[in-house]
Amino acid sequence: MSTEYEIVIGLEVHAEMKTESKIFCCSSTEFGGDPNTHICPVCLGLPGVLPVTNKKVVEYAIKAGLALNCQIAEFSKFDRKNYYYPDLPKNYQISQYDLPLAEHGYLDIMLDDRHKRIGITRVHMEEDAGKLVHQGATMASAKYSLVDFNRTGVPLMEIVSEPDIRSPEEARLYLEKLKAILQYTDVSDCKMEEGSLRCDANISVRPVGQKEFGTRTELKNMNSFRALQKALEYEVERQIEVLEDGGRVIQETRTWDEAKGITLSMRSKEEAHDYRYFPDPDLVPMVISREWVEEIRGTLPELPDARKQRYMTEYGLPEYDAEVVTGSMELSDYFDEGLKHTGNAKALSNWVMGELLKYINASGQSVANPEFPIPAANLAELVELIDKGGISGKIAKDVFRDMQEKGARPGAIVETRGLKQISDEGAITAIVKEVLAKNPQSVEDFKNGKDRALGFLVGQVMKATRGQANPELVNRLLKEKMQ
Amino acid sequence: MRLNQLTAHELHEKLKKKEVSSVEITEAVYKRIDEVEEKVKAFVTLTRESALARAREIDERIARGEEIGTLEGIPVVIKDNMCTEGVLTTCSSKMLYNFKPPYNATVVDKLNEAGAVVVGKANMDEFAMGSSTENSRFFTTRNPWDLDRVPGGSSGGSAASVAADETVYALGSDTGGSIRQPASFCGVVGLKPTYGTVSRYGLVAFASSLDQIGSFAKDVTDCAVVYGTIAGHDPKDSTSADFEAPDYAKFLTGEVKGLKIGIPKEYFIEGTDPGVLALIQDAIKKFEDMGAVCEETSLPHAEYALPVYYLLATAEASSNLARYDGVRYGYRDESAEDIITMFRRTRSEGFGEEVKRRIMLGTYALSSGYYDAYYLKALKVRTLIKQDFDRAFEKFDIVISPTSPTPPFKFGERVDDPIQMYLSDVFTISVNLAGIPGISIPCGFVNGLPVGLQLMGRPFGESTLFRAAYAFEQNTGYYKVKPNL
């Protein structure tokens, strides 16, 4: 009998903070720009320069810490993490070691119908490094390499989870929730494709029932939610296979190869750095007043879980719907905007979760984009049209397709295309009579108790009216005529 | 007296009365440099053209009848570890042999605003690591009192240039005694201010928590004027104190009646030159004659200052000096085929022996498994040393000691024995660890070699140091004696 294994995962997430200037100098944090245009002597680490902490960075990190239910330290400091790499101009990174800004937090994820709480060990601040551009495939094989220091000194938050995650899917859900919270809190853009949200994972497996953790590996280079889950799934299988073959998992850092769909060894524990952390003597320790923390707490927006609760209690949405709609702040804002134009929250959430998400995924568009072709008010108007009997659900899907033409309002589409529902009893009666005359067998079947025949007949009437007949009216009239 | 021999406050009076011009003063300084620099070798770089241009500007200002400050139009020398925009800043290291910063240190900006005329950049021990200036990668500076002897260090070039009248005053930096010890060796006044009162922005870091910029001058008055000019809060330095420098001139009263002076018994130890000890005893007597009250006190953790310093300073240095890797500026080994070899060769060749020794010591002290036993323990003892001073200053206004255990020593005497070299800072190091101010003033001669008296004060207590130092100076006059060059 084969052993059952338990998976243990902890995530280390780096999120760039969206401050205007860098963490220790006045240079711009703007993404892109020609190489080495957002730099100054301080972020270049030239001889004699000194760092000065950007207060906004501390504020944003406190805000994120509060949103993640952390305790904010009263006393915190910056430390130097020493290692040599050509993208690191001082050959040390200013980071936080033993006194991080925030600790002991958590976030909740929803797993099928269960809630699960994932602990957050700490949130700390640090500076980003620069970017190497190799004239060749790697630094080793390149003829030469160039360094772009635009990103050097961009403020980062490192958010470390407890090893509470038990599956690759949970890991993805955790990261999605974390991204949503950071976006709601407005401290980070969280664009994985631009590198403003990065995720490393520590993963191990152990036989179910064993108390000690198994030997872990650290995974890097997962650049999307999907990549995170795939890499972890691969690594679980790899580690179990090693153990099943009687081997030992080696403590090492591994990189995810997206193209090959495998993880590869980067360096072993023996090659691991001794970072020689020590308090940065150029920066004085921070004393963080409770008044300031409370002031920042007062600026926190409604967070995903609070919104979810609001949707459930105020609008009676099922928990599943509320979870999906609050999954990203932009979607949730969109939903809130729609609710200003319709009272039918459930119908609106159905459209958002169904047609709208399908369209977003297919088109790659963002609802937050001011150019987004379907403003929330238009979708709400569509819901209202259906509710007020203006059009049927089937026609509505048609109308939705036309709404993807920028800004086209559903009422206008229905008007110009003449899709308005036919609720004129006389007109429908005429068509019903025609259909009944053409389908005597179905009439016979219905009379013999075959309910399916009614459906067929309704369909024929709808077809004849190009879907515009009021379905309830069609039903009633058919039944009446067949009595 | 020639113009280059005068003090800033004396020259200022002459400028105001239009008896002399800034150009004349500056030319007198360069004439002296032309005469003696070959012997003294205090300068890494001379900035003759820009200095004279500056002097002409000041003269025009005076001609227009504008008010001028005390340092306006007066020549100054800057230690070569303070950044000067567009002017070589080498730290006397091969590593920065070609480095021209695109910015000024805050002190340089402040001197420029005050109208100072920068004569040149002074030689030093490489990256300020040393006590004799023998660790300069370029050449050795000589003591103007005896050319066979060291000027002290690490600010040896600054001290020697002032003693040799190649400038009116100079800036230095002091991490463990690098201003006070060379001031003592060269017979000039040297102040290491309270940590945080002078901005470190643009000072190439050796040990950030200990480094402090200060002044060398021919008398206490100049020293106080310069300090008043360069001190003050700087938003570019997070460790800079929220502090406005007062006008220190008003503390130079010449009297010390009732001043309480502590004499730490731990500083009067075996190994100190008997001639030096005798001069310090004379100085104590002098203070008593002037009405001060001198009593023995104790700084019980003094003996740990040296080891604590060599753990903390080297630990910080190992990190501060990591940036010199050949990637962006300064020296680079061009023969390497890969980045790791480039790093290694650049640093092996770019740094001298003492710098490498300290980087290795510091790296070791911070290493995993040793951190608690060395670095952390040293931090704790540093607190004890600071508390020793706090206790002493509950009772005393200042504490005095020799600046260095010996008069200037001969070249080569200590280079092969790092511990002997380190011991020449044994009386100055505690001041940096405690973050308090210390000043060295001339207090006599042993066999024709100058000896310094160290006065230590409360944090931000520079005014009391100036008051005591000025009274001593005016009642003794050692500062007026000039070396024969």
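The values are calculated or read from the model by the stated rules, or taken from the named source; none is laboratory data. Treat the numbers as computed from the prediction; the structure is a model and nothing was measured. Neighbour counts are summed over all protein chains in view; Cβ atoms, including those assigned to glycine, are modelled from backbone coordinates with ideal geometry.
For segment A:133-151, what are the residues that are within 11 Å of another protein chain (Cβ to nearest Cβ) and within 25 Å of A:Val52 (Cα to Cα)?
If the condition is that a residue be within 11 Å of another protein chain (Cβ to nearest Cβ) and within 25 Å of A:Val52 (Cα to Cα), then A:Val147, A:Phe149 are the ones that fit.
Which members of segment B:100-118 meet the condition of being aliphatic (A, V, I, L, M), within 13 Å of chain A (Cβ to nearest Cβ) and not in a loop (DSSP other than H, G, I, E, B)?
Step one: list which residues in segment B:100-118 are aliphatic (A, V, I, L, M), which gives B:105, B:107-108, B:111, B:114, B:116-118.
So of that shortlist, the ones also within 13 Å of chain A (Cβ to nearest Cβ) come out as B:105, B:107-108.
Selection gives B:Val107, B:Val108.
How many residues are aliphatic (A, V, I, L, M), without any contact (Cβ under 8 Å) to a residue 40 or more places away in the chain and away from chain B (no Cβ under 14 Å) when one looks only at segment A:243-289?
Count: 4.
Looking at B:Ala365, B:Ala373, B:Ala378, which one is surrounded by fewer than 19 Cβ atoms within 10 Å (Cβ to Cβ) and either within 14 Å of another protein chain (Cβ to nearest Cβ) or small (Gly, Ala, Ser) (or both)? Show your work before the answer.
Details: B:Ala365 fails: surrounded by fewer than 19 Cβ atoms within 10 Å (Cβ to Cβ); B:Ala378 fails: surrounded by fewer than 19 Cβ atoms within 10 Å (Cβ to Cβ).
One residue alone meets the criteria, B:Ala373.
I want to confirm something. Restricting to segment A:60-92 and keeping residues that are closer than 30 Å to A:Glu295 by Cα and without any contact (Cβ under 8 Å) to a residue 60 or more places away in the chain, which single residue is nearest to the other protein chains (Cβ to nearest Cβ)?
Initial filter on segment A:60-92 (closer than 30 Å to A:Glu295 by Cα): A:60-80.
Among the residues that remain, those that are also without any contact (Cβ under 8 Å) to a residue 60 or more places away in the chain are: A:65, A:69-71.
Numbers: A:Gly65: 22, A:Asn69: 30, A:Cys70: 25, A:Gln71: 25 Å.
If we take residues in segment A:60-92 being closer than 30 Å to A:Glu295 by Cα and without any contact (Cβ under 8 Å) to a residue 60 or more places away in the chain, then A:Gly65 is nearest to the other protein chains (Cβ to nearest Cβ).
Go through the residues of segment B:447-457 one by one and say whether even a single one is at pLDDT 95 or above, surrounded by fewer than 18 Cβ atoms within 10 Å (Cβ to Cβ) and in contact with a Gly (Cβ under 9 Å, 6 or more places away or on another chain).
yes
So which helices (runs of 4 or more DSSP H) are wholly in segment A:399-483 and hold at least 2 residues that are more than 42 Å from the chain's Cα centre (by Cα) and within 23 Å of A:Lys388 (Cα to Cα)? First the steps, then the outcome.
Working: elements: A:410-417, A:425-438, A:440-447, A:452-464, A:471-482.
Passing ranges, in order: A:425-438, A:452-464, A:471-482.
Taking B:Glu296, is it free of Cβ contacts under 8 Å to residues at least 40 places away in the same chain and closer than 30 Å to B:Val256 by Cα? Steps first, answer last, please.
Numbers: free of Cβ contacts under 8 Å to residues at least 40 places away in the same chain: yes; closer than 30 Å to B:Val256 by Cα: yes.
Spelling it out, B:Glu296 is indeed free of Cβ contacts under 8 Å to residues at least 40 places away in the same chain and closer than 30 Å to B:Val256 by Cα.
Condition (residue is over 21 Å from the mean Cα position of the chain (by Cα), β-branched (Val, Ile, Thr) and surrounded by 22 or more Cβ atoms within 10 Å (Cβ to Cβ)) applied to segment B:52-63: is it met by at least one residue?
yes
Can you tell me which condition B:Ile400 does not meet? The list is (1) away from every other protein chain (no Cβ under 14 Å); (2) crowded, with 18+ Cβ neighbours inside 10 Å; (3) among the β-branched types (Val, Ile, Thr); (4) in a loop (DSSP other than H, G, I, E, B), and all the others hold.
So B:Ile400 meets the others, but not (4).
For segment A:332-350, state whether one or more residues are surrounded by 17 or more Cβ atoms within 10 Å (Cβ to Cβ) and at positive phi.
Among the residues of segment A:332-350, not one is surrounded by 17 or more Cβ atoms within 10 Å (Cβ to Cβ) and at positive phi, which makes the answer no.
Condition first: closer than 11 Å to B:Val117 by Cα and within 14 Å of chain A (Cβ to nearest Cβ). Can you find one or more residues in segment B:75-82 that meet it?
First, the residues of segment B:75-82 that are closer than 11 Å to B:Val117 by Cα: B:75-78.
Adding the requirement that they be within 14 Å of chain A (Cβ to nearest Cβ) leaves B:78.
Yes: segment B:75-82 contains one or more residues that are closer than 11 Å to B:Val117 by Cα and within 14 Å of chain A (Cβ to nearest Cβ).
Could you tell me which residue of segment B:315-330 is farthest from the other protein chains (Cβ to nearest Cβ), considering only residues that are within 20 Å of A:Lys81 (Cβ to Cβ) and touching a residue at least 60 places away in the same chain (Cβ under 8 Å)? Please lay out each step first, then the result.
Residues of segment B:315-330 that are within 20 Å of A:Lys81 (Cβ to Cβ), as a first pass: B:315-325, B:327-328.
Keeping just the survivors that are touching a residue at least 60 places away in the same chain (Cβ under 8 Å) gives B:315-317, B:320-321, B:324.
Details: B:Ala315: 6, B:Glu316: 6, B:Ala317: 11, B:Asn320: 9, B:Leu321: 9, B:Tyr324: 8 Å.
Checking each candidate, the answer is B:Ala317.
Mind checking which residues of segment B:211-233 are within 14 Å of another protein chain (Cβ to nearest Cβ) and crowded, with 24+ Cβ neighbours inside 10 Å?
In the first step, residues of segment B:211-233 are kept if they are within 14 Å of another protein chain (Cβ to nearest Cβ); the result is B:211-213, B:233.
Of everything in segment B:211-233, those that are within 14 Å of another protein chain (Cβ to nearest Cβ) and crowded, with 24+ Cβ neighbours inside 10 Å turn out to be B:Asp211, B:Gln212, B:Ile213.
Whether any residue in segment A:41-52 is farther than 18 Å from B:Pro102 by Cβ, out of contact with any Gly (no Cβ under 7 Å at 6 or more places or on another chain) and surrounded by fewer than 23 Cβ atoms within 10 Å (Cβ to Cβ) is what I want to check. Spell out the reasoning first.
Kept after step one, since they are farther than 18 Å from B:Pro102 by Cβ, are these residues of segment A:41-52: A:52.
Still in the list and also out of contact with any Gly (no Cβ under 7 Å at 6 or more places or on another chain): A:52.
Still in the running and surrounded by fewer than 23 Cβ atoms within 10 Å (Cβ to Cβ): A:52.
The answer is yes; a qualifying residue exists.
Can B:Val226 be described as more than 30 Å from B:Lys121 (Cα to Cα) and either at pLDDT 95 or above or not in a helix (DSSP H, G or I) (or both)?
On the way: more than 30 Å from B:Lys121 (Cα to Cα): no; either at pLDDT 95 or above or not in a helix (DSSP H, G or I) (or both): yes.
Spelling it out, it is not the case that B:Val226 is more than 30 Å from B:Lys121 (Cα to Cα) and either at pLDDT 95 or above or not in a helix (DSSP H, G or I) (or both).
So which strands (runs of 3 or more DSSP E) are wholly in segment A:200-295 and hold at least 1 residues that are small (Gly, Ala, Ser) and assigned by TED's automatic domain parsing to the domain that holds A:Glu176?
On the way: elements: A:217-222, A:252-257, A:262-268.
Fully inside segment A:200-295 and qualifying: A:262-268.
Between B:Glu349, B:Glu394, B:Glu316, B:Glu354, which is among the acidic types (Asp, Glu), under 30 Å from B:Asp282 (Cα atoms) and modelled with pLDDT of 95 or more? If you could, list the steps in order and put the result at the bottom.
Working: B:Glu349 fails: under 30 Å from B:Asp282 (Cα atoms); B:Glu316 fails: under 30 Å from B:Asp282 (Cα atoms); B:Glu354 fails: under 30 Å from B:Asp282 (Cα atoms).
So the residue among B:Glu349, B:Glu394, B:Glu316, B:Glu354 that is among the acidic types (Asp, Glu), under 30 Å from B:Asp282 (Cα atoms) and modelled with pLDDT of 95 or more is B:Glu394.
Only residues that are over 27 Å from B:Ala28 (Cα atoms) and crowded, with 24+ Cβ neighbours inside 10 Å: list them for segment B:106-142, please.
Going through segment B:106-142, the residues over 27 Å from B:Ala28 (Cα atoms) turn out to be B:106, B:125-132, B:134-137.
Those that are over 27 Å from B:Ala28 (Cα atoms) and crowded, with 24+ Cβ neighbours inside 10 Å: B:Thr106, B:Asp125, B:Glu126, B:Phe127, B:Ala128, B:Met129, B:Gly130, B:Ser131, B:Ser132, B:Asn135, B:Ser136.
What are the residues in segment B:83-99 that are away from chain A (no Cβ under 11 Å) and not in a helix (DSSP H, G or I), if any?
Initially, segment B:83-99 is screened for residues away from chain A (no Cβ under 11 Å), giving B:86-88, B:92, B:94, B:97-98.
Result: B:Gly86, B:Val87, B:Leu88, B:Ser92, B:Tyr97, B:Asn98.
Just to be sure I understand, how many residues within segment B:143-153 are touching a residue at least 60 places away in the same chain (Cβ under 8 Å), part of a loop (DSSP other than H, G, I, E, B) and either surrounded by fewer than 24 Cβ atoms within 10 Å (Cβ to Cβ) or touching an Asp or Glu at 6+ places or on another chain (Cβ under 8 Å) (or both)?
Quick first cut of segment B:143-153, residues touching a residue at least 60 places away in the same chain (Cβ under 8 Å) only: B:143-152.
When the remaining residues are screened for being part of a loop (DSSP other than H, G, I, E, B), the result is B:144-145, B:147-148, B:150-152.
If we keep only those that are either surrounded by fewer than 24 Cβ atoms within 10 Å (Cβ to Cβ) or touching an Asp or Glu at 6+ places or on another chain (Cβ under 8 Å) (or both) as well, we get B:147-148, B:150.
Looking only at that region, the number is 3.
Specify the residue that is farthest from A:Glu233 (Cα to Cα); the eligible residues are those in segment A:172-199 that are among the hydroxyl-bearing types (Ser, Thr, Tyr) and part of a loop (DSSP other than H, G, I, E, B).
The initial filter retains those residues of segment A:172-199 that are among the hydroxyl-bearing types (Ser, Thr, Tyr), namely A:174, A:184-185, A:188, A:196.
Within this subset, residues satisfying the condition of being part of a loop (DSSP other than H, G, I, E, B) are A:188, A:196.
On the way: A:Ser188: 28, A:Ser196: 24 Å.
Only one residue fits best here, namely A:Ser188.
Name the residue, out of A:Gly130, A:Gly105, that is within 14 Å of another protein chain (Cβ to nearest Cβ), touching a residue at least 40 places away in the same chain (Cβ under 8 Å) and crowded, with 21+ Cβ neighbours inside 10 Å.
Working: A:Gly105 fails: within 14 Å of another protein chain (Cβ to nearest Cβ).
Unique residue meeting the criteria: A:Gly130.
Can you tell which of A:Ala380, A:Ala362 is surrounded by 15 or more Cβ atoms within 10 Å (Cβ to Cβ), part of a helix (DSSP H, G or I) and small (Gly, Ala, Ser)?
Values: A:Ala362 fails: surrounded by 15 or more Cβ atoms within 10 Å (Cβ to Cβ).
After applying the criteria, what remains is A:Ala380.
With the requirement that a residue be assigned to a strand (DSSP E or B) and more than 18 Å from B:Glu113 (Cα to Cα), what does segment B:229-270 give you?
If the condition is that a residue be assigned to a strand (DSSP E or B) and more than 18 Å from B:Glu113 (Cα to Cα), then B:Lys260, B:Ile261, B:Gly262, B:Ile263, B:Pro264 are the ones that fit.
Could we say that B:Thr239 is away from chain A (no Cβ under 14 Å) and either in contact with a helix residue (DSSP H, G or I) (Cβ under 6 Å, 6 or more places away or on another chain) or hydroxyl-bearing (Ser, Thr, Tyr) (or both) here? Break it down into steps so the answer makes sense when it comes.
Working: away from chain A (no Cβ under 14 Å): no; either in contact with a helix residue (DSSP H, G or I) (Cβ under 6 Å, 6 or more places away or on another chain) or hydroxyl-bearing (Ser, Thr, Tyr) (or both): yes.
So B:Thr239 does not fit the description; no.
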